[in-house]
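Chemist: My structure is below; once you've seen it, I'll send some questions.
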Amino acid sequence: MKVGVAGLGRMGAAIAKRLIEVGHQVTVWNRNADKAEPLVKAGAIRAASPTELASRVDVVITILTDARAMADVYEGASGLLAGNTPGKLFIEMSTVQPETEVALAKAIAAKGAIMVECPVGGTVGPALQGKLLGLAGGTKEDFAHAKPILEQLCRRVDLVGPIGAGASMKLAINLPLGVFWQALGEAYSLCRHLNLDPVWLMELFADTSGGPNVLKARGGAVARALQSRDPGSATFDCDSIRKDFRTMLAEAERLGFNLPLAEKTLAIYDQASQEGWGRKDCTELPAFWSSHQAK
């Protein structure tokens, strides 16, 4: 199948690579064209604009930074919707407020195309292996159309409701994950003085009732960060978490309630970013907080 991917950040690039490896003809576009080069070497076709990308493919996947980036890529003069789009399938994977996805779906429908939103849980490693968690929003018919491709990217993909529902669920699952990294830093602060082996300690935390799946997978990276060693390449950095928390708070305000825990956690991550931790991986954030408590 001819598939296009617009937005080649860490996740977009990993998704494009996965699609190439499972046999699709993949066309890619990114504002910074240099990010497309590794994928072109792997067999992708480089599009000069979003309009050209959409014209070359049957299915377009987008995973973009925020609502402003989505507006630029879809609705700009050389955007995805500027060309011939009737009958095409758009799968939108960005982490944004539900109302952004609803508005985009209407714009896509007006062009004679269909849209399924499917933000995903997981990082680069699962994306490369086709083991993401998909949270789809759309009609049953459109979801059935998108499901064959989504199943090549996801270990599990569920239709959680109409357009907008996927965005709501993505914000919901990311909230406890973001809070966890701060909670782990605070927990480590309570036992740091015992000078226990961080590798053993993370294995123990992962084996407790409070140990989430992410710690089982990434506890080793956390341990390396606690030892002031390189935890490995960043997959979900502090600034990305901050962006998600701001989106959560905006959505809660729209719905008429507060998220006090998320608000407090965001303030701590803002502090971390101001102190130079913005591009550091989430697995390094427990080291940030615990280092501030050391005497």
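The values are calculated or read from the model by the stated rules, or taken from the named source; none is laboratory data. What you see is a predicted model; the values in this text were computed from it and never measured. With ideal geometry, Cβ positions are generated from the backbone for all residues, glycine too; neighbour counts draw on all protein chains shown. Remember, those area values only see protein heavy atoms, side chains included, never the ligands or the DNA or RNA. Shrake-Rupley method; radii C 1.70, N 1.55, O 1.52, S 1.80 Å.
Chemist: Among the DSSP beta bridges whose two residues both lie in the chain, what percent are antiparallel, rounded to the nearest 5? Kindly include the intermediate steps, with their values, before the conclusion.
Modeler: On the way: 4 of 29 bridges.
So the antiparallel bridges in the chain amount to around 15 percent.
Chemist: While we're here: Restricting to DSSP loop positions (anything but H, G, I, E, B) with no more than 12 other Cβ atoms inside 10 Å of their own Cβ, which chymotrypsin sites (Phe, Trp or Tyr not before Pro) remain in the range 223-295?
Modeler: On the way: sites: Phe236, Phe245, Phe257, Tyr269, Trp277, Phe288, Trp289; in loops: Phe236, Phe257.
Answer in residue order: Phe257.
Chemist: Starting at the first residue of the range 252-266, write each ³J(HN,Hα) from the Karplus equation 6.51 cos²θ - 1.76 cosθ + 1.60 with θ = phi - 60°, in whole Hz, x for Gly and Pro.
Modeler: Karplus-based 3J(HN,Hα) across the range 252-266 equals 4, 4, 4, 7, x, 9, 10, 10, x, 5, 5, 4, 5, 5, 4 Hz.
Chemist: Please state the equivalent ellipsoid semi-axes for the chain: what are the square roots of 5 times the Cα gyration tensor eigenvalues, largest first, in whole Å?
Modeler: Details: eigenvalues 254, 84, 58 Å².
Result for the chain: semi-axes of 36, 20, 17 Å.
Chemist: While we're on this one: Would you mind getting me the FRET efficiency between Arg279 and Ala172? Use the beta-carbon distance for r and R0 = 25 Å, nearest 0.05. Don't jump to the answer; show the numbers that get you there.
Modeler: Details: r = 26 Å, r/R0 = 1.03.
After rounding to 0.05, the efficiency reads 0.45.
Chemist: When the gyration tensor of the range 57-98 is built from Cα positions, what are the square roots of 5 times its three eigenvalues, in whole Å, from largest to smallest?
Modeler: Values: eigenvalues 64, 34, 10 Å².
Over the Cα atoms of the range 57-98, the semi-axes work out to 18, 13, 7 Å.
Chemist: Now for a different question. Take the alpha-carbon centre of the range 1-63, take the same for the range 213-276, and report the distance between them in whole Å.
Modeler: Using only Cα atoms to place each centre, the spacing works out to 28 Å.
Chemist: In nm, what is the difference between 0.36 nm times the number of residues separating Arg254 and Glu37 and their Cα-Cα distance?
Modeler: On the way: separation 217, 0.36 × 217 = 78.12 nm, distance 4.03 nm.
Stretched out fully, the Arg254 to Glu37 stretch lengthens by 74.1 nm.
Chemist: Please compute, for the alpha-carbon atoms of the range 1-44, the extent along each of the three principal axes and give them in descending order in Å.
Modeler: Here the Cα extents, ordered largest to smallest, are 25, 17, 15 Å.
Chemist: Same structure, new question: How large is log10 of I(q)/I(0) for the range 220-295 at q = 0.14, 0.16, 0.17 Å⁻¹ when the intensity is taken from the Debye formula with one equal scatterer per alpha-carbon?
Modeler: -0.49, -0.61, -0.67
Chemist: Using the scaling law 2.2 N^0.38 Å as the reference, what is the normalised Cα Rg of the range 21-137? Don't skip to the answer; put the middle values down first.
Modeler: Numbers: Rg = 13.9 Å, N = 117, 2.2 N^0.38 = 13.4 Å.
Here the answer is 1.03, to two decimals.
Chemist: Hey, any idea what % of the range 52-103's accessible area is carbon plus sulfur with a 1.4 Å probe?
Modeler: Working: 870 of 1940 Å².
That fraction is 45 percent.
Chemist: Scan around Gly161 for amide H atoms under 5 Å from its own, H built in the peptide plane at 1.01 Å from N, and keep only partners 5 or more places away or cross-chain.
Modeler: Gly138
Chemist: Could I ask something else about it? Could you state the principal axis extents of the C-alpha atoms in the range 138-295, from the largest down, to the nearest angstrom?
Modeler: Principal-axis extents of the range 138-295 (Cα, largest first): 58, 35, 29 Å.
Chemist: Additional query: For Ile61, what residues show an amide H to amide H distance below 5 Å, using hydrogens built from the backbone and excluding near sequence neighbours?
Modeler: Gly4, Val5, Ala6, Ile91
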